[in-house]
Amino acid sequence: MSPALLLAVPVLGAFVLPSLHRASPFASRVAGPLILVVQVALVAALWQQAVVHGPLVIELGGLPAPMGIAWQADQLGLLWCGALALLALVLWPREGHDPNRAATLTLLLVGAGSGLALSADLFNLFVLYELTALASFGLVVSQGTGAQAAATLRFLLLGATGSALALLGIALIYAATGTLNLAQLAQVTPGAMSDPLVLTAFALLLAGLGVKAELFPLNTWVPEVYGAASPRVAGLLAGAVSKLALLVVLRLLTTIFADTGAAMVLLGVAAVTVLAGELAAYRAQDLRRMLAYSSIGQLGLMALAFSVSNPTGIAAGLALGLHHLLVKPALFVMIADWPRRRPQTRGLAAGAPWSAAAFVLLALSLVGVPPLPGFWAKLVLLQALLGTGGGPYAAAAALVLVITVVEAGYLIPLARQLYSGEPAVRVRARIGRGVPLILALLLAVVLIGPVAQRLDQVASSVPGPATALPRLSASEPGQP
Amino acid sequence: MTSHSDLLGIMFYGAAVALLLIGLYTMLTRRHLIRVLLGLTLVEAGVNLALVAAGFRPEAAAPILGPGAAPAMVDPVPQALILTAIVIGVGILAFALSLVVRIHRTYGSVDLQVIGERLASDPDGTGSEIRRRAP
């Protein structure tokens, strides 16, 4: 089975869905989720294959690299393909303004995002990154309000400029090495590019990927977009799409930029991101903006973990990412019916007991209170940072502890406020779509052992420069 | 002749960097949304030129196979890449312009500062509050 199906099935579905909707609205309502179920089944089948036979590499068009475009279905990429499809299924647009258009864009997002996770070619990464960006622009602006348009335009200007800079980075790499295949680049780059040139290319690529990965200082769009977009879309972007961008950064870090100063650059950027995000969340008065800033902080933590680019660090990043993927979308969809300002949530538990209880549970997991999975994710991160040794990593570990206190400082008072005093306005709020995510979180409490083992296995299967994927002829230049 | 083609390479890269910087400067200093988008297209043009320059080889012909022995050709891969990059750029730009139209309909301006002010006094994000207060 070809990994390219993971791109082809949802994207074709996205093209068919509008015509199907015109023929039979009922069929199109059923077809969308069905395509995602097929997608999940495909991911599961490819996963089995990848676990047994190792990463599957194909070259589209049958031409070998550098002419053909390489795809690799390894466990790391497939894990995120599956997570993206499942999250899209949970947050599937059923009601609201023009659900059919939103459904088409969601399928496009799933297809492009899956391609992003599996692509092993630098230029293809750029194309799919742009496609993912376009799909998410469309989703953000789907209600068509002025505020959404303004937020999307800000996102677009930042994103398009970043992507142009990333393309410049790709041009630099191509000019120096003459290839775009990640596996080839991993072998060629150390000999072909000088250190300053490599770091410049990494900085340019990070300028592009950092926009979606919510890295400082490219994340100014985050509070506006997550504040203006529908909670469903905010959950999808914060939960899955931002992590796909970080996944690409990790791919670059373990192949082209292994053993360069790039890891230190990412560590520095991640540390500032964590600090800026969590401090802004502490000060935020608008609930959605608070969640948006907290998502910046959590992605910073994930980037911190990835900057330790050994299996322990990667496993920690995956644990943090999967935990955030469950918690943040659940929080976004849950507070949709709540008043937006922080002070107005006083005594909310009286009218919405389930919603308030779920908020407390999710907030505690986000802070990292045992035995919730958030505790375990942060513990693995600390182990990874301290296990690496060296001043910068020890400082990062201290930062993680400080940040946990800051997180507790804004989430716990809010949770207490829900249960104290008389409600200003009596709101009724449902948990609704948060339920499967919360159940998955609770299931993870019980299954933490097997999950950890599986993540370690995924992390140690990530191909490094030494175990580069396709076997290359010995005539490649630039081997030191 | 080699110094001549070296000069050509430097000119390519110099023009690319100049376009990039002019574009960035425009994006950062203009408040008119259409001008900001023009800045973005300049940035993209600069990057595309850099990509073409990456495939430049001195004394080489255009990469089109003809009858007879093939002469030395410039690298075709970057040229194929920028075709894709241009198409993506056009798509993004068209989408951005449609957003500008939407913003103009809601807030009655394409000036970033005015939009920011009106956005702040627009609680539900639909512009209804502003239209209600407008004379």
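The values are calculated or read from the model by the stated rules, or taken from the named source; none is laboratory data. Note that the structure is a prediction, hence the values are computed from the model and not measured. Here the Cβ is made from the backbone with ideal geometry for all residues, glycine too, and neighbour counts use every protein chain on show. SASA here: full protein model, heavy atoms, side chains in, ligands and nucleic acids out. Shrake-Rupley method; radii C 1.70, N 1.55, O 1.52, S 1.80 Å.
Criterion applied to B:Pro76, B:Pro63 was being at pLDDT below 85, surrounded by 12 or more Cβ atoms within 10 Å (Cβ to Cβ), more than 17 Å from A:Ala166 (Cα to Cα) and within 12 Å of another protein chain (Cβ to nearest Cβ), and the one residue passing it is B:Pro76. Could you grab me the full set of residues in segment A:270-283 that are touching a helix residue (DSSP H, G or I) at 6+ places or on another chain (Cβ under 6 Å) and surrounded by fewer than 19 Cβ atoms within 10 Å (Cβ to Cβ)? A:Tyr282 - this is the single residue of segment A:270-283 that is touching a helix residue (DSSP H, G or I) at 6+ places or on another chain (Cβ under 6 Å) and surrounded by fewer than 19 Cβ atoms within 10 Å (Cβ to Cβ). Scanning segment A:144-163 for residues that are within 7 Å of another protein chain (Cβ to nearest Cβ) and either in contact with a Phe, Trp or Tyr (Cβ under 7 Å, 6 or more places away or on another chain) or within 17 Å of B:Gly91 (Cα to Cα) (or both) yields a total of 8.
Okay, residues lined up against (1) in contact with a Gly (Cβ under 9 Å, 6 or more places away or on another chain); (2) modelled with pLDDT of 90 or more; (3) open to solvent by less than 10 Å² (accessible area, probe 1.4 Å); (4) within 14 Å of another protein chain (Cβ to nearest Cβ):
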site	(1), (2), (3), (4)
A:Leu91	yes, no, yes, no
A:Ala102	yes, no, yes, no
A:Ala112	no, yes, yes, yes
A:Ser119	yes, no, yes, yes
A:Asn124	yes, no, no, yes
A:Leu131	yes, yes, no, yes
A:Ser142	yes, no, no, yes
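Within segment A:228-246, being closer than 23 Å to A:Met334 by Cβ, open to solvent by less than 10 Å² (accessible area, probe 1.4 Å) and not basic (Lys, Arg) holds for A:Ala229, A:Val233, A:Ala234, A:Gly235, A:Leu236, A:Leu237, A:Ala238, A:Gly239, A:Ala240, A:Val241, A:Ser242.
Pick from A:Leu441, A:Leu411, A:Leu437: which is modelled with pLDDT of 80 or more, over 23 Å from A:Ile314 (Cβ atoms) and in contact with a Pro (Cβ under 7 Å, 6 or more places away or on another chain)? None of the others qualify; the one that does is A:Leu437. Of A:Gly191, A:Gly178, all but one fail to be over 22 Å from B:Leu42 (Cα atoms), touching a residue at least 24 places away in the same chain (Cβ under 8 Å), small (Gly, Ala, Ser) and facing chain B (nearest Cβ under 9 Å); the exception is A:Gly178. Does any residue of segment A:36-47 turn out to be under 23 Å from A:Ile314 (Cβ atoms), in the same structural domain as A:Arg433 (by TED's automatic domain parsing), among the β-branched types (Val, Ile, Thr) and modelled with pLDDT of 85 or more? Within segment A:36-47 (the criterion being under 23 Å from A:Ile314 (Cβ atoms), in the same structural domain as A:Arg433 (by TED's automatic domain parsing), among the β-branched types (Val, Ile, Thr) and modelled with pLDDT of 85 or more), the answer is no, since none of the residues qualifies.
With respect to the stated conditions, B:Val17 fails to be touching a residue at least 40 places away in the same chain (Cβ under 8 Å), open to solvent by 40 Å² or more (accessible area, probe 1.4 Å) and either part of a loop (DSSP other than H, G, I, E, B) or out of contact with any strand residue (DSSP E or B) (no Cβ under 6 Å at 6 or more places or on another chain) (or both).
Only one of the numbered conditions (1) within 18 Å of the chain's Cα centre (by Cα); (2) within 22 Å of A:Leu399 (Cα to Cα); (3) among the hydroxyl-bearing types (Ser, Thr, Tyr) is violated by A:Tyr226, and that is (2). Counting only helices (runs of 4 or more DSSP H) that sit wholly inside segment A:128-228, those with at least 1 residues that are in contact with a strand residue (DSSP E or B) (Cβ under 8 Å, 6 or more places away or on another chain) and in the same structural domain as A:Leu304 (by TED's automatic domain parsing) are A:182-192, A:221-228. Kindly establish whether A:Leu168 is open to solvent by 10 Å² or more (accessible area, probe 1.4 Å), at the interface with chain B (Cβ under 8 Å from one of its Cβ atoms), free of Cβ contacts under 8 Å to residues at least 40 places away in the same chain and out of contact with any helix residue (DSSP H, G or I) (no Cβ under 6 Å at 6 or more places or on another chain). So A:Leu168 fails the test.
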